[in-house]
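This report concerns only the one structure given below.
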Amino acid sequence: MYNRISRTLLPGIVLCGLSVTGCHRGGSGPASEIASLRTELEGTRQKQAETEKALATQKQELDRKALELDTAKKQAADNQVLANQKDTELRAIQGQLTERRDALVFTDISATHQRGFSSIALDRYRQFIIDYPKSPLVADANRAVAELTVAVERDARTRATLIDPKRHDREVLKNFKDGISTVEEIGPLLRQKSVAEVVKLLGPPNRSYRNGSELGYVDKIIDTSTGSKETLVVVFDSDRVVSLRVGYRGREIKL
């Protein structure tokens, strides 16, 4: 490129110099014309050198920018490859987590149970069975539900007793009044009670046997062997309850 510029500029410069020299031939000698031409040629060469230097600088700048662009493209391509690899790895991890999410959830519920939150664990086990019906851990969840149901109900009764110790007694007496109590339920309330205390608890009897040593409450007790209502017979000895019978001829149950 630089040679083409030189070949293009020099002939024109020379012709121009000759033309100028010819125009002043009448007033100057050959030596003067040659000196002037040399001066002009030297100026042209200097400008050509400056032009070539500027072009070289521009070329260096273009080469630098091209290198930076290539480097940026390569870096972008490398980053895209890394991003694709990370996306692939992340999808694989997410797939594994999805496949084993049931195990993670079950483990967390078990930890809740071990920390003593039985009611919460029971609810979460039940929800686990709904959320993961095909999980191999459903059998373990069903077993935990069965065990925790009994434990939670027992704990609820215990708490109720601590909060209201007489609640159970009131429920038994209400069932007795409604005729749906059993001798096993009413017996502990009557142990070693006097006649007056029994009447205060159960109300006036419907029957009296053996000179008042036995009191009868008709249709107030359930015979667990038949499911039918029977008379509760309260037996006293020295004015204290010692036994009960379900029906007048029923088997005597010592207290």
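Read through the labelled values (1) 26; (2) 69; (3) 52 and report the label of the one computed as percent of Cα pairs over 31 Å apart from the structure.
It is the value labelled (2).
Sticking with the crude label model, points 7 Å out along Cα→Cβ, report the distance from ASP178 to ALA66 in nm, one decimal please.
With each label point 7 Å from Cα toward Cβ, the separation is 9.9 nm.
Just to be sure I understand: if I project the alpha-carbon convex hull of the stretch 167-254 onto a plane and average over all orientations, what area do I get in nm²?
5.1 nm²
Go ahead and estimate [θ] at 222 nm for the chain from helices alone: -39,500 (n - 2.57) per DSSP H run with n ≥ 4, summed, over the residue count, rounded to 500.
Value at 222 nm, helices only: -24000 deg cm²/dmol.
Where does helix 118-131 land angle-wise versus the long Cα axis of the chain, in degrees 0 to 90, nearest 10?
60 degrees
May I ask you to derive the relative contact order of the chain, considering only C-alpha pairs under 8 Å and at least 6 residues apart, and to give it as an integer percent?
Once normalised by length, the contact order is 9 percent.
If I model a spin label at ALA196 and ARG157 as a point 7 Å from the Cα along the Cα→Cβ vector, what separation in nanometres do I get?
For the pair ALA196/ARG157, the computed spacing is 3.4 nm.
What is the extension gain from ASP87 to GLN114, computed as 0.36 nm multiplied by their sequence separation minus the C-alpha to C-alpha distance, in nm to one decimal?
Contour length minus Cα-Cα distance gives 6.0 nm.
What aspartates and glutamates does LYS53 reach when the alpha-carbon gap must be under 18 Å and sequence neighbours fewer than 8 apart in one chain are set aside?
The reachable aspartates and glutamates, counting only those whose Cα sits under 18 Å from LYS53, are GLU42, GLU61, ASP63.
By how many nm would the segment from THR149 to ALA54 lengthen if fully extended, with 0.36 nm per residue of separation less the alpha-carbon distance?
25.0 nm is the gain from fully extending THR149 to ALA54.
With a point put 7 Å past each Cα toward its Cβ, work out how far ARG100 is from GLN75 in nm, to one decimal.
3.9 nm
Could you pull out every one of the lysines with an alpha carbon less than 17 Å from that of LYS220, ignoring same-chain neighbours closer than 8 positions?
LYS174, LYS177, LYS200, LYS229
Can you tell me how much longer the chain between LEU41 and ASP140 gets when fully stretched, taken as 0.36 nm per residue apart minus their C-alpha distance, in nm with one decimal?
Contour length minus Cα-Cα distance gives 25.3 nm.
Normalising by the residue count of the stretch 101-163, find the relative contact order in percent from Cα pairs under 8 Å and 6+ residues apart.
This gives 31 percent for the stretch 101-163.
Say R0 is 22 Å: what FRET efficiency, to the nearest 0.05, do HIS168 and ASP223 get from their beta-carbon distance?
That gives a FRET efficiency of 0.50.
No value in this document is a laboratory result; all are computed from the given coordinates. Everything numeric here is computed off the predicted structure, so don't read it as measured data. All Cβ positions, glycine included, derive from the backbone under ideal geometry; neighbour counts span all protein chains shown.
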